[in-house]
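Taking it in order: structure first as structure tokens, then the write-up.
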């Protein structure tokens with residue numbers, strides 16, 4: 001009995017020491033900040049993993065190109081049983097009839113004997129007029145292009161995650177403003193119903209107040225829908241599609257301090273670097289084609305042996321042929337030169353030169369686009385700051401308008417239409433004010449992406 005009580009006591013202590021699953025879930029639902037969202041996107045988004053894998057594959061291509069400098073060694077072992085009938089004559093190159101060595105015999109036989117062969121062939125190009133070096137340079141250029149494309153992907157994914165974060169934050173602020181509008185509409189509707197019930201106002205005023213309340217509720221529903229859609233987009237942008245995410249705005253609801261414009265070297269933008277790498281890759285292909293129309297020198301050394309159970313007199317010895325018993329060695333140089341390849345190489349060289357010109361044109365277009373978008377981003381930042389400063393005045397004026405309209409309505413100096421117009425004006429002003437500061441942040445994000453580095457923007461968002 002005592003043992004049972006001690007076991008239950010020990011089990012109770014262990015259960016008390018175990019972490020609560022609810023606490024773990026709560027810790028996982030901590031509000032997400034902007035910098036954390038960007039880090040999650042860089043860690044989880046599939047496009048980055050794909051770009052990284054392509055970059056590593058290109059790096060392996062460099063090692064593969066370097067391997068062409070090494071000699072080639074081929075080993076062979078063959079065991080067969082065949083007849084020994086041989087004839088004089090020529091066979092054109094083909095892959096169907098096996099060749100037979102040895103002299104032609106006077107008699108033929110369908111008897112067979114064992115045969116064997118084994119050897120080692122060592123091949124190496126002592127010089128290649130720069131062809132292998134051109135292959136290595138092409139592989140390196142391809143690797144640099146893959147790395148540059150990975151940097152572009154990382155920038156795009158980071159900017160998309162930050163933009164999705166700001167979009168969700170703006171949607172949530174819109175929901176709060178719409179909720180305030182619903183609360184005011186309910187207050188006004190209750191006041192109008194009281195006046196109508198006391199026969200101080202006509203019944204049409206109550207109907208109009210109810211219509212305005214329903215419109216405010218519809219606006220709230222639409223705002224909540226947009227917020228949920230923005231939440232789903234943020235979850236997808238950080239690589240956690242379907243997760244229920246809450247965010248921490250931090251200082252993003254405040255107007256960021258103005259900073260002087262900085263000069264940007266757009267040639268250092270990841271997109272420009274990637275396009276430069278594409279130009280280098282195309283030029284490397286041109287150099288490879290330039291090194292392709294040369295003779296190929298191949299030094300070969302072979303050590304081999306053969307064994308046969310067939311004898312020169314036409315008889316067979318089944319005790320032989322199981323292993324090689326006659327050995328040879330050879331060494332020499334083979335020179336091959338595909339003369340008529342020059343026509344195809346000229347056409348390929350011309351096509352690759354045009355590809356290089358096209359890549360250069362794309363580089364120029366990328367710089368023009370970056371410069372144009374940077375000028376637009378600077379204009380958007382300035383305009384967004386002015387609007388953010390003006391929406392404060394707009395909200396204050398709309399609040400005073402609604403207060404005075406309600407007062408005039410209570411004293412019979414205005415109708416319900418004036419109150420409804422003032423209410424809608426205030427709701428719209430509050431929505432615009434709630435997103436005006438975030439519009440400045442979004443314009444700054446666009447400018448940071450055009451500069452090719454989000455770190456300064458994220459540091460401002462932290463402060």
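Each reported figure results from applying straightforward, stated rules to the coordinates on display, with no laboratory input. Note that this is a predicted model, so its numbers are computed, not measured. Neighbour counts run over all protein chains shown; Cβ positions are idealised from the backbone, glycine included.
Applying 0.36 nm per residue to the separation of residue 345 and residue 428 and subtracting their alpha-carbon distance, the gain on full extension is 23.1 nm. Quick one: helix 34-44 against the long Cα principal axis of the chain, what's the angle to the nearest 10°, folded into 0 to 90? Roughly 30 degrees between the two axes.
I want to check the label-to-label distance for residue 368 and residue 268. Put each point 7 Å from Cα in the C-beta direction and report it in nm to one decimal. Spacing of the two 7 Å Cα→Cβ label points: 2.5 nm. Size of region 203-357 from its Cα atoms: along the principal axes, largest to smallest, the extents are 128, 50, 33 Å.
The base-10 log of I(q)/I(0) for region 367-463, evaluated at q = 0.14, 0.18, 0.20 Å⁻¹, reads -0.64, -0.82, -0.92 [Debye formula, identical scatterers on Cα atoms, solvent excluded]. Classify region 172-219: rounded, prolate or oblate, from the alpha-carbon gyration tensor (a ≥ b ≥ c, eigenvalue square roots; a/c under 1.5 rounded; otherwise prolate if a/b is larger than b/c)? Verdict is prolate for region 172-219. Given R0 = 56 Å, the distance between the Cβ atoms of residue 319 and residue 123 translates into a calculated FRET efficiency of 0.95. May I ask for the angle, rounded to the nearest 10°, between helix 46-66 and the longest principal axis of the chain, with both axes built from Cα atoms and the value confined to 0 to 90°? Result, in degrees: 20. Look at where the Cα atoms of region 412-426 and of region 203-259 average out, and the two centres are 25 Å apart. Could you calculate the FRET efficiency of residue 300 with residue 109 from 1/(1 + (r/R0)^6), where r is the beta carbon distance between them and R0 is 45 Å, rounded to 0.05? After rounding, the FRET efficiency stands at 0.80.
Listed from fewest to most Cβ neighbours within 10 Å, the set 449, 386 follows the order 386, 449. Extension gain for residue 408-residue 290 works out to 33.6 nm (0.36 nm per residue, less the C-alpha to C-alpha distance). Entry note, the chain: the mean residue ellipticity at 222 nm calculated from DSSP H runs of n ≥ 4, each adding -39500 (n - 2.57), is -23000 deg cm²/dmol after division by the residues and rounding to the nearest 500. Placing a label point 7 Å from the Cα of residue 462 along the Cα-to-Cβ direction, the residues of region 34-76 whose backbone N falls under 15 Å of that point are 34-40. For the chain, the longest principal axis of the Cα atoms and the long axis of helix 2-17 meet at an angle of about 80 degrees. Quarter the surface of the alpha carbon convex hull of the chain and you get the mean projected area, 49.9 square nanometres. With N counted as the residues of region 137-253, its alpha-carbon radius of gyration over 2.2 N^0.38 Å works out to 1.80.
Between residue 95 and residue 357, the C-beta separation translates, for a Förster distance of 60 Å, into a calculated FRET efficiency of about 0.85. Put in line by how crowded their Cβ is, counting other Cβ atoms within 10 Å and starting with the fewest, 369, 142 read 369, 142.
Here the Kirkwood formula puts the hydrodynamic radius of region 217-288 at 17.4 Å, using every distinct Cα pair. Taking every DSSP bridge with both residues inside the chain, close to 95 percent are antiparallel. Find the centroid of the Cα atoms in region 338-378 and in region 115-194, then give the distance between the two in whole Å. After rounding, the separation between the Cα centres reads 24 Å.
Distance from the Cα centroid of region 264-331 to that of region 65-80 is 8 Å (rounded to whole angstrom).
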